[in-house]
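Here's the structure, in structure tokens; my notes come after.
The values are calculated or read from the model by the stated rules, or taken from the named source; none is laboratory data. None of these values were measured; they are calculated from a predicted model. Positions of Cβ are backbone-derived with ideal geometry, glycine not excepted, and every protein chain shown enters the neighbour counts.
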Amino acid sequence: RRWFSAAVGFLTVSSVITMSAPFFLGKVIDVIYTNPSEDFTESLSSLCALLSGIFLCGAAANATRVYLMQTAGQRIVKRLRTTLFSSILKQETAFFDKTRTGELINRLSSDTALLGRSLTENLSDGLRAGAQASVGVGMMFFVSPSLAAFVLSIVPPLAVVAVIYGRYLRKLTKMTQDSLAEATQLAEERIGNIRTVRAFGQEMAEMAKYTNKVDYVLQLAKKEALARAGFFGATGLSGNLIVLSVLYKGGLLMGNAYMTVGELSSFLMYAFWVGISIGGLSSFYSELMKGLGAGGRLWELIERKPQLPFNEGITLGKATFRGALEFKNVEFAYPTRPEASIFKDFSLSIPAGSVMALVGPSGTGKSTIVSLLLRLYDPISGTITVDGFDIRQLNPLWFRTKIGTVSQEPILFSCSIAENIAYGAEDPSIVTAEEIQKVAEIANAASFIRDFPKGFDTVVGEKGILLSGGQKQRIAIARALLKVRLHSYLTTFALDAENEYLVQEALDRLMEGRTVLIIAHRLSTIQNADSVAVLGQGKILECGKHEELLANPNGLFRKLMQKQAFLQNSDAFALDVQSRENNLLKENVRENV
């Protein structure tokens with residue numbers, strides 16, 4: 001604010017000096033035409049020296065004004081971006097289900113820059129043009145009131161045109177920014193999933209889709225260019241008409257001895273500056289409407305209140321927080337699909353320090369339970385409690401720092417392995433290298449990490465793309481080990497035998513002394529669970545120990561186990577057949593040789 005105020009002060013000084021120039025230059029012309037005496041040279045030299053000093057001060061003030069305005073602009077953009085990013089991160093998960101990532105990125109980058117430019121550099125130019133126009137008009141009336149009134153009769157029609165144009169441009173800019181956000185979303189998603197695009201040979205199709213998006217942006221840009229061309233053509237014509245009217249009317253006044261040549265020259269220069277200033281105001285108004293068009297959506301995002309609290313509620317002390325979980329009569333449907341109920345009268349109790357495995361057919365809501373536990377969503381009805389406290393009473397930010405998750409496809413950030421592991425801590429900035437190495441050892445990750453040339457400083461690439469599936473899961477386990485009480489994880493898949501053994505061993509260590517919820521997609525990984533819950537039809541159909549459920553010949557758990565056993569046996573048979581074929585092929589080759 002101080003920088004902006006200082007910039008306005010220097011702008012005022014610069015504008016006053018600039019607009020005083022025509023008056024003094026008119027006096028110089030009068031000296032030249034009306035003072036052919038002996039002291040002519042001395043008077044002219046003194047006046048020119050004085051004007052040179054004044055103009056130097058004006059140039060310095062203008063340069064300072066530009067510097068301060070640009071710096072203030074960057075500060076405003078920085079504040080806009082941090083405020084917007086903070087607001088985005090505080091939104092509930094359902095908001096991201098409905099809002100595309102590319103749109104948010106476009107708002108965060110393009111729209112903030114456009115709005116910041118409109119509020120600083122453009123505002124500076126607009127204020128300068130407004131000040132110069134005001135001073136110019138005042139000086140025109142000072143030099144010749146009758147001529148000034150005649151000239152300014154052209155301004156009201158121009159103002160009406162400017163208002164109509166500004167409203168149209170604001171609407172058009174919003175449409176352009178929305179279309180650009182759609183193109184950004186498409187590009188961001190396709191580039192982020194380039195391996196899938198390439199695997200299906202869809203490069204040409206994606207190029208065509210993106211081309212269609214940017215073609216529409218181009219069409220809107222052409223409409224904007226046409227509107228700007230007409231508007232600026234009209235304002236340019238009006239400026240020229242002002243100058244022409246000054247020459248005509250001023251010539252008549254000078255011919256009747258109502259004006260001197262110096263006064264006419266001063267008036268003409270003021271009219272010229274007013275014409276330029278009107279053009280500057282037109283440009284300012286145009287850019288301001290563009291900024292407001294982009295800013296409308298920004299303010300919506302910044303002022304949007306999340307439907308779930310971000311950092312409000314109670315926290316539990318170490319003595320109180322034990323990790324006992326209970327889902328009681330929970331009903332839930334995703335906000336984006338309210339008609340598709342996931343749970344109806346869902347109830348489940350998990351004692352503190354125990355291991356509960358959840359199994360069930362695909363689509364029965366196993367992963368949804370973790371989302372509800374993390375309070376990414378709230379149930380429609382029913383309660384979820386931790387140690388007897390409804391999680392809606394707890395501070396979500398605090399509660400999530402106590403839960404570690406290891407997903408089936410862990411997401412890592414494009415930074416070092418050490419930074420990815422430390423991310424699991426409540427305060428990553430205070431995690432020591434020794435703590436990182438310790439949890440990596442427990443997670444069976446230290447050995448392969450040390451094989452990298454840069455060790456724990458190795459950058460893993462976007463989403464951990466430079467690591468194998470087993471390596472990513474072991475790093476995710478190390479990250480989760482920095483948590484204290486509750487853990488949930490999705491079982492491994494598509495790993496070779498060695499990696500699966502190492503991951504399972506690390507998970508066994510992770511479960512020691514903690515309340516653990518296993519979302520089991522592979523039934524072979526749940527034998528060590530204290531209890532197994534079988535999901536179906538939106539509720540728990542069976543619950544008990546692994547052996548008890550397996551002993552029930554008509555139970556869903558036994559059917560799921562038999563189905564997986566059949567698939568595993570089929571895989572083993574196929575591998576055995578392939579092995580025999582390979583051996584026969586080798587024998588035939590040796591015989592032929």
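So which residues in region 413-450 are among the charged types (D, E, K, R) and within 15 Å of residue 476 (Cβ to Cβ), if there are any at all?
419
Across region 214-261, which residue is nearest to the chain's Cα centre (by Cα) among those that are under 30 Å from residue 177 (Cα atoms) and among the polar types (S, T, N, Q)?
219
Condition check ((1) among the basic types (Lys, Arg); (2) modelled with pLDDT of 75 or more; (3) not assigned by TED's automatic domain parsing to the domain that holds residue 401) across all residues:
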position: 468; (1), (2), (3): no, yes, no
position: 478; (1), (2), (3): no, yes, no
position: 490; (1), (2), (3): no, no, no
position: 499; (1), (2), (3): no, no, no
position: 508; (1), (2), (3): no, no, no
position: 518; (1), (2), (3): no, yes, no
position: 522; (1), (2), (3): yes, no, no
position: 542; (1), (2), (3): no, yes, no
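Counting just the residues of region 184-206 that are basic (Lys, Arg) and over 20 Å from residue 105 (Cβ atoms), which one comes out modelled with the highest pLDDT?
Only one residue fits best here, namely 198.
What number of residues within region 325-370 are farther than 20 Å from residue 542 by Cα, in contact with a Ser or Thr (Cβ under 8 Å, 6 or more places away or on another chain) and at pLDDT below 90?
2
Please go through region 210-222 and give me each residue that is of a type outside the set (Ser, Thr, Tyr) and surrounded by 15 or more Cβ atoms within 10 Å (Cβ to Cβ), ordered by number.
213, 214, 217, 220, 221
Do you know which residues across region 76-135 are in contact with a helix residue (DSSP H, G or I) (Cβ under 8 Å, 6 or more places away or on another chain) and either outside the structural domain of residue 13 (by TED's automatic domain parsing) or among the β-branched types (Val, Ile, Thr) (or both)?
76, 77, 83, 88, 93, 101, 105, 112, 120, 135 - these are the residues of region 76-135 that are in contact with a helix residue (DSSP H, G or I) (Cβ under 8 Å, 6 or more places away or on another chain) and either outside the structural domain of residue 13 (by TED's automatic domain parsing) or among the β-branched types (Val, Ile, Thr) (or both).
Quick test of your reading of the structure: residue 448 fulfils all but one of (1) modelled with pLDDT of 90 or more; (2) in contact with a strand residue (DSSP E or B) (Cβ under 9 Å, 6 or more places away or on another chain). Name the failing condition by number.
Of (1) modelled with pLDDT of 90 or more; (2) in contact with a strand residue (DSSP E or B) (Cβ under 9 Å, 6 or more places away or on another chain), only one is false for residue 448: (2).
Given the condition under 30 Å from residue 286 (Cα atoms), assigned to a helix (DSSP H, G or I), touching a residue at least 12 places away in the same chain (Cβ under 8 Å) and not β-branched (Val, Ile, Thr), answer yes or no: does some residue in region 205-212 qualify?
yes
So which helices (runs of 4 or more DSSP H) are wholly in region 396-492 and hold at least 2 residues that are surrounded by 19 or more Cβ atoms within 10 Å (Cβ to Cβ) and either basic (Lys, Arg) or on the phi > 0 side of the Ramachandran plot (or both)?
Passing ranges, in order: 469-481.
For residues that are out of contact with any Leu (no Cβ under 8 Å at 6 or more places or on another chain) and over 14 Å from residue 325 (Cα atoms), scanning just region 351-370, find the one that is surrounded by the most Cβ atoms within 10 Å (Cβ to Cβ).
Among those residues, the one meeting the criterion is 368.
Return the residue satisfying two criteria in turn: it lies in region 28-61 and is touching a Phe, Trp or Tyr at 6+ places or on another chain (Cβ under 9 Å) and modelled with pLDDT under 80, and of such residues it is surrounded by the fewest Cβ atoms within 10 Å (Cβ to Cβ).
Restricting to residues being touching a Phe, Trp or Tyr at 6+ places or on another chain (Cβ under 9 Å) and modelled with pLDDT under 80, the top hit is 50.
Give me the pairs: first residue in region 241-252 and outside the structural domain of residue 263 (by TED's automatic domain parsing), second residue surrounded by 13 or more Cβ atoms within 10 Å (Cβ to Cβ), beta-carbon distance under 9 Å, and six or more apart or on different chains, which are they?
Filtered contacts from region 241-252: no entries.
Taking the residues in region 182-201 that are exposed (fewer than 14 other Cβ atoms within 10 Å of the Cβ) and among the polar types (S, T, N, Q) as candidates, determine which candidate is nearest to residue 285 (Cα to Cα).
Here the answer is 193.
Filtering region 374-395 down to residues that are among the acidic types (Asp, Glu) and either part of a loop (DSSP other than H, G, I, E, B) or at pLDDT below 90 (or both), which residue is farthest from residue 462 (Cα to Cα)?
387
Quick check on my filter: what residues within region 9-18 are over 18 Å from residue 47 (Cβ atoms) and crowded, with 19+ Cβ neighbours inside 10 Å?
10, 11, 14, 15
Is there a residue being of a type in the set (Ser, Thr, Tyr) and not in a helix (DSSP H, G or I) anywhere in region 260-268?
Yes.
Looking at (1) at pLDDT 85 or above; (2) assigned to a helix (DSSP H, G or I), can you tell me which one residue 534 breaks?
(2)
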